[in-house]
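The values are calculated or read from the model by the stated rules, or taken from the named source; none is laboratory data. Since this is a predicted model, take the numbers as computed values, not measurements. Note that each Cβ is placed from the backbone with ideal geometry, even for glycine, and that neighbours are counted across all protein chains shown. Surface accessibility is based on the protein's heavy atoms, side chains included, excluding ligands, DNA and RNA. Shrake-Rupley method; radii C 1.70, N 1.55, O 1.52, S 1.80 Å.
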Amino acid sequence: MSTQSNGHTGNGNGNKTFAESAVSAESDTGSSVSGRVAPPPGQLKKADFVSDQEVRWCPGCGDYAILNNVQKVMPELGIPREKIVFVSGIGCSSRFPYYMNTYGFHSIHGRAPAIATGIKCANPELSVWVITGDGDALSIGGNHFIHAIRRNLDLNYILFNNRIYGLTKGQYSPTSEFGKKTKSTPSGTIDYPVNPLSLAIASESTFVARSIDIDVKHLGAMVDAAAKHKGISFIEVYQNCNIFNDGAFDYFAERTVRSDRVLYLEHGKPMVFGKNREKGIRMNGALPEVVTIGENGVTENDLLVHDINLKDPSVAFMLARMEQPEFPQPVGIFRAIARPTYEDMMTDQVHAAVAKSGSGSLEKLMNSGETWTVE
């Protein structure tokens, strides 16, 4: 996505201070911001998750669709708003916490996963969401991205991928395609792009999914599935920047061509796509290939059946590498497996240490070993 400072300009919070805007949740006893009492979780509606902040994205930006879907899914989770936290870094997408009527942090560039880790470890009962962009997560934040995933914290991680730095006005990003001409690469970028799903899968993410901003129903289903997963859940969303990279995904995501160029992954079902569902993916040795059902004796029984629960990430990684024009662009859930979470194991270690050695004393610790007095 993009870079910006954490000053008062362009962060979408109007005239409010950071604290007033970042902490906007309402509890059973009312809200310090609005004074309204929140309804119980079972009676929450989408409107209850819409903050009073003016949304400051460019008209037509794909961020609106993602925000709308997250706000729609929130009431269905049955979680009190005071137990939901949105954490962002820097960039257009990182204005997100201001627009959610929950708790939130607009943090520093690339460090949202680190802050989210602290929140989750300090209070494992919270539902913690990381909102980031391709620049924020994969450039300066790449290290934090990898380690938050490999630790399997119970975080929901949504990466807005528009293949450009939008907030700083159109420089190439870590996901920009090879040869992309931008303000910072007038002769075309010579960087090979990062594949976010490949990186997430290689880091052993226990839930990996992908969707498209304009495919509203599908995007909502992915957000819902991620929220219900225990452990790290990572979603890449192809998101259009209509100002600096307009139409970046039209060659497969535009409605008139989508059925022929997008593969919707469905657990337990053969990989079929095409306007008339006449094409599919089968394995040719160790490699996938596109085939036409009915030609050369090919039937649906020959196709690769999708299994999101495979412990080995090899197939999910292979699917993440499939791209246009050789293959249809896969979207959906690539992987969803169970594994103990970091915060649960950390809590178990703390309890075991206390059971063995007692609760301890901070004063005793500070005065243990060699100490001296300065007079």
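Annotations
- Output for the stretch 224-233, where each listed residue is assigned to a helix (DSSP H, G or I) and either within 15 Å of Ile149 (Cβ to Cβ) or open to solvent by less than 10 Å² (accessible area, probe 1.4 Å) (or both): Ala226
- Subset of the stretch 144-186 (residues that are without any contact (Cβ under 8 Å) to a residue 24 or more places away in the chain and either under 19 Å from Thr206 (Cα atoms) or not in a loop (DSSP other than H, G, I, E, B) (or both)): Gln171
- When the criteria are applied in full, Asp191 meets the requirement of being of a type in the set (Asp, Glu) and either part of a loop (DSSP other than H, G, I, E, B) or within 20 Å of Gly135 (Cα to Cα) (or both).
- Residues of the stretch 104-137 that turn out to be more than 14 Å from the chain's Cα centre (by Cα) and assigned to a helix (DSSP H, G or I), as a count: 8
- For the stretch 28-46, the set of residues classified as of a type outside the set (A, V, I, L, M), at pLDDT below 95 and open to solvent by 30 Å² or more (accessible area, probe 1.4 Å) consists of Asp28, Thr29, Ser32, Ser34, Gly35, Arg36, Pro39, Pro40, Pro41, Gly42, Gln43, listed by residue number.
- Search result, residues across the stretch 104-120 that are open to solvent by 50 Å² or more (accessible area, probe 1.4 Å) and within 13 Å of Gly141 (Cβ to Cβ): Ile108, Arg111, Ile115
- Lone unmet requirement of (1) over 14 Å from the mean Cα position of the chain (by Cα); (2) within 24 Å of Thr347 (Cα to Cα); (3) open to solvent by 40 Å² or more (accessible area, probe 1.4 Å) for Ile140: (2)
Results for (1) closer than 18 Å to Asn245 by Cβ; (2) outside any loop (DSSP other than H, G, I, E, B); (3) open to solvent by 40 Å² or more (accessible area, probe 1.4 Å), shown as yes or no for each residue.
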| site | (1), (2), (3) |
| --- | --- |
| Asp48 | no, yes, no |
| Gln53 | no, no, no |
| Arg56 | no, no, yes |
| Ile66 | yes, yes, no |
| Asn69 | no, yes, no |
| Met74 | no, yes, no |
| Glu82 | no, yes, yes |
| Phe86 | no, yes, no |
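- The stretch 272-303, residues that are among the hydroxyl-bearing types (Ser, Thr, Tyr) and within 19 Å of Gln329 (Cα to Cα): Thr292
- Where strands (runs of 3 or more DSSP E) fall entirely within the stretch 234-318, those with at least 3 residues that are open to solvent by less than 70 Å² (accessible area, probe 1.4 Å) are at 279-284, 287-292.
- For beta carbons closer than 7 Å, sequence separation of 6+ or different chains, a first residue in the stretch 189-200 that is free of Cβ contacts under 8 Å to residues at least 40 places away in the same chain and a second that is open to solvent by less than 20 Å² (accessible area, probe 1.4 Å) and not β-branched (Val, Ile, Thr), the qualifying pairs are Thr189/Ser176; Pro193/Ser176.
- Test: residue in the stretch 9-25 that is modelled with pLDDT of 75 or more and open to solvent by 20 Å² or more (accessible area, probe 1.4 Å): no
- Selected residue (criterion: least open to solvent (accessible area, probe 1.4 Å)) from residues of the stretch 167-188 that are under 28 Å from Pro113 (Cα atoms) and touching a Gly at 6+ places or on another chain (Cβ under 7 Å): Ser173
- The residues of the stretch 88-103 that are buried (at least 24 other Cβ atoms within 10 Å of the Cβ), in a strand (DSSP E or B) and over 14 Å from the mean Cα position of the chain (by Cα) amount to a single one, Met100.
- Tallying residues that are outside any loop (DSSP other than H, G, I, E, B) and among the acidic types (Asp, Glu) within the stretch 319-329 yields 0.
- Considering residues of the stretch 212-223 that are part of a helix (DSSP H, G or I) and of a type outside the set (A, V, I, L, M, F, W, C) only, the residue surrounded by the fewest Cβ atoms within 10 Å (Cβ to Cβ): Lys217
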